[in-house]
Each structure stands twice: as structure tokens, then as C-alpha cells.
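Participant: For reference, the structure I am asking about is given below.
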Amino acid sequence: FLGFKVVVLEGRTRPGGRVRTKKMSGGDCVAAADLGGSVLTGINGNPLGVLARQLGFPLHKVRDICPLYLPNGNTVNPEIDSKVEVLFNKLLDRVCKLRQSMMEEAKSLDVPLGTALEAFRHVYKVAEDPQEKMLLDWHLANLEYANATLMSNLSMVFWDQDDPFEMGGDHCFIPGGNDRFIQALAEDLPIFYNQTVETVKYGSDGALVRA
């Protein structure tokens, strides 16, 4: 496998870990929804983009236009949507300016990013209207999605420290789901399921894995 002999110890009953695709059908339609990793965020230099091309998987570009919908199924007013997006970005800018002004002190006085944003929201009376607050919550949830954790776990000081290393290019997904990657990579691999690794010991003659 890629020039190496590999044995996989998988703690679950299926391969893939956090990558899982749910297949759904109804009538004559079949759809796939990724429950874990779903989007290739930037395909320039992205090894998954290279792998997709090697496997002949099509890359479907994520649209730049993403309309939001209210609970009743109606689309959000574009003007309100744009207004709240601007307000959200201004809140982030204020947090970043606070961080910059505090410099070294910020590291010792660090607070969750969610706490800082909520404090600025109250100070500047942002999104007091119920619909605007709901849209702001969507942007906060989207930020959580991008960072794979809750706002309460994100550091005000370090939440964006990996931004300089982001991959460029289009954001894409694989039609049929990322499970296609897993199935292709797992083919002909020796995989032992229900094997949770307990310890790994390294020595001069290799490594001893206990599961």
C-alpha cells in the first residue's frame, strides 16, 4: 500500500473512523449523506484531491451561493442574510483586534472564543432581533463545523492559528460520499476489527502494539 506493508487495527466494526456515508433511498432515488468528513476544503496540494483523481472520482465544486432557509421552509431575506454576515465578521474583527492589542497578556488571559464573541455581541447590541440572532447562531455553528469543536472549546487567542496553512483552490465533495475513499483504500488490506490499541512500545527492532 503506497510502498508499505500495512496491517490495520480498527477499533470499530467498520473501516473509516470519522468518515461515514449514509445511503438513503426512496422511490427511484438514492442519495448519500456524509455524517463525518464531507468536504475537501481546497484541492490545490490536497492529497485527497490527488487521490480522487488517481481513483477516477469526480470532484463536484461546492457552490459559492448558499441560500439559508427558515424553519418554515422559506428562504432568508438576502438583505438580512448579508447584514448578519457583516455583523458576524465585525464581531470576529473586534475579537482579533482585542487579541492583538493584548499581545502576550492575551495568552495568560485567554478565554473561549464563544465567550468573547457573546460579550462583544451584548456590548454592541448585535442581533437583538430573533431572526437576526438565529442567523448569527448559524454563522457560529458554521465556525464550529469548520473547527470541528464547540465555540466553548475554541481559544480566543489561537482559534485561527492554522489559517496560513489552508489549502487553496475550490472546495469540493465526492458524489456518492467519502466512503468511496474508504472502500478503495481498504481493498485488499488486512484489517482486524474490534481491536482497540492499548499500548505502543518502540524498540531498536521495531514496535510492539498491544490491542
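The values are calculated or read from the model by the stated rules, or taken from the named source; none is laboratory data. Predicted model only: the values in this text are computed from it and were never measured. In this analysis, Cβ positions are derived from the backbone assuming ideal geometry, glycine residues included, and neighbour counts consider all displayed protein chains.
Participant: Go through the stretch 133-164 residue by residue and tally those that are under 14 Å from Asn89 (Cα atoms) and acidic (Asp, Glu).
Facilitator: Number satisfying all stated conditions: 2.
Participant: Of all residues in the stretch 58-84, how many are closer than 23 Å to Val39 by Cα and assigned to a strand (DSSP E or B)?
Facilitator: Matching residues across the stretch 58-84 total 3.
Participant: Could you grab the pairs with beta carbons closer than 8 Å, sequence gap of 6+ or different chains, first residue in the stretch 36-54 and at pLDDT 90 or above, second one polar (S, T, N, Q)?
Facilitator: Between residues of the stretch 36-54 that are at pLDDT 90 or above and residues that are polar (S, T, N, Q), the close pairs are Leu40/Asn46.
Participant: Note down all Cβ pairs under 7 Å where the first residue falls in the stretch 133-156 and is part of a loop (DSSP other than H, G, I, E, B), the second is of a type in the set (Asp, Glu), and they're at least six residues apart or on different chains.
Facilitator: Leu150/Glu144; Met156/Asp110
Participant: Just to be sure I understand, how many residues within the stretch 1-42 are farther than 15 Å from Asn178 by Cα, among the charged types (D, E, K, R) and either touching a helix residue (DSSP H, G or I) at 6+ places or on another chain (Cβ under 7 Å) or surrounded by fewer than 11 Cβ atoms within 10 Å (Cβ to Cβ) (or both)?
Facilitator: Residues that pass the stated criteria total 2.
Yes/no matrix, rows are residues, columns are (1) part of a helix (DSSP H, G or I); (2) over 30 Å from Glu128 (Cβ atoms); (3) not aliphatic (A, V, I, L, M):
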residue	(1), (2), (3)
Arg18	no, yes, yes
Lys22	no, yes, yes
Ile43	no, yes, no
Arg94	yes, no, yes
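Participant: Looking at Leu113, Leu98, Leu87, Leu117, which is the one that is closer than 26 Å to Leu40 by Cα, touching a residue at least 12 places away in the same chain (Cβ under 8 Å) and surrounded by 10 or more Cβ atoms within 10 Å (Cβ to Cβ)?
Facilitator: Leu113
Participant: Of the residues Glu187, Glu128, Glu144, Glu118, which is assigned by TED's automatic domain parsing to the domain that holds Ala32 and of a type in the set (Asp, Glu)?
Facilitator: Glu187
Participant: Among (1) under 23 Å from Ala146 (Cα atoms); (2) out of contact with any helix residue (DSSP H, G or I) (no Cβ under 8 Å at 6 or more places or on another chain); (3) assigned by TED's automatic domain parsing to the domain that holds Met151, there is one condition Arg94 misses while meeting the rest; what is its number?
Facilitator: (2)
Participant: I've got another one for you. What are the residue pairs meeting all of these: first residue in the stretch 14-26, first residue in the same structural domain as Thr196 (by TED's automatic domain parsing), second residue outside any strand (DSSP E or B) and of a type in the set (A, V, I, L, M, F, W, C), Cβ atoms under 6 Å, and 6 or more apart or on different chains?
Facilitator: Pro15/Ile182; Pro15/Ala186; Gly16/Ile182; Val19/Ile182; Arg20/Leu35; Lys22/Leu35
Participant: Please work out if Phe4 is free of Cβ contacts under 8 Å to residues at least 24 places away in the same chain, farther than 19 Å from Asp160 by Cα, of a type in the set (Phe, Trp, Tyr) and in a loop (DSSP other than H, G, I, E, B).
Facilitator: Criteria met by Phe4.
Participant: Pairs only if they're at least six apart or on different chains, beta carbon under 7 angstrom, first in the stretch 178-191 and β-branched (Val, Ile, Thr), second not in a loop (DSSP other than H, G, I, E, B); list them, first residue then second.
Facilitator: Listed pairs, sorted by first residue: Ile191/Val8.
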